[in-house]
Amino acid sequence: ALTNNIDRLLQILELQLQIDLKTSSWNNYLLKNVIITGRSGSGKKTIIGECCQRLWNKYLIYYKFVDCLSFKGRKLDNIITSISQIIDELVFRQPSILILDHFDDLFSNQTTITDANIILATQKLSLSLRELFHRTQQIHTQFIIIPIAKQITNIHRQFTEETPLFYSQILTIEPLNAVNRILIIKS
């Protein structure tokens, strides 16, 4: 199951990056992003890490993991500035992939929050990030963003419902069974 997920994601990423495998050249199409979902411990980060390492080894595609939990409690402007700096580094080294782990934790769950200030801050953050990502990908066509979340419903609707769509595919990683976990630990 792990190998199937890695192969499937690798195919998706190669297609999204529009790699011409015969000439190893890039096609200049606007990239679409892939949202990865799955329960805690399902191996999302491991699978993406393996895929990105293979893309690095094969095509020298640079990638960077960002743990969005590190932004918890920070001011909106500081979060945007930090992510902008990371994006600047990645577009300088493109082709590149930005992996946003715990992406859903950036945004408070709007169904359980009643504080209007928190709701407004969450909406402003999601809109600011969406605009930043969109502007960057319009200019830099060899840059892809992979948000990782527990559930698609935990991601702010700015990324899941608004048009143009932020993503081209959602890949759900099923939890590993005991046999698969042992194989991963051994390797």
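Just want the ordering: K64, K72, from fewest to most Cβ atoms lying within 10 Å of their own Cβ.
Details: K64 15, K72 11.
Listed from fewest to most nearby Cβ atoms, that is K72, K64.
Kirkwood hydrodynamic radius, the range 63-105, all distinct C-alpha pairs: what's the number in Å? If you can, show how the numbers build up before the last one.
Working: mean 1/r = 0.0923 Å⁻¹.
About 10.8 Å, per the Kirkwood formula over Cα pairs.
Residue exposure proxy: S168, S128, ordered by other Cβ atoms within 10 angstrom of their Cβ from fewest to most, comes out as S168, S128. Strictly greater than 13 Å: what percent of every Cα pair in the range 83-154 meets that? In whole percent, the share of Cα-Cα pairs in the range 83-154 beyond 13 Å is 69. Note on the range 38-132: Cα convex hull, mean projected area over all directions, 7.0 nm².
The range 32-86: Rg/Rh from Cα coordinates, Kirkwood Rh? Before the final figure, lay out the partial values.
Values: Rg = 13.9 Å, Rh = 13.4 Å.
Computed over Cα atoms, the ratio is 1.04.
Using Cβ counts within 10 Å as a stand-in for footprinting exposure, how do C52, C68 rank, fewest first?
Values: C52 22, C68 19.
Final ranking by Cβ density, sparse to dense: C68, C52.
No value in this document is a laboratory result; all are computed from the given coordinates. The shown structure was predicted, so the numbers you read here are calculated from the model rather than taken from an experiment. No Cβ is skipped: glycine too gets one built from the backbone with ideal geometry, and neighbour counts run over all protein chains shown.
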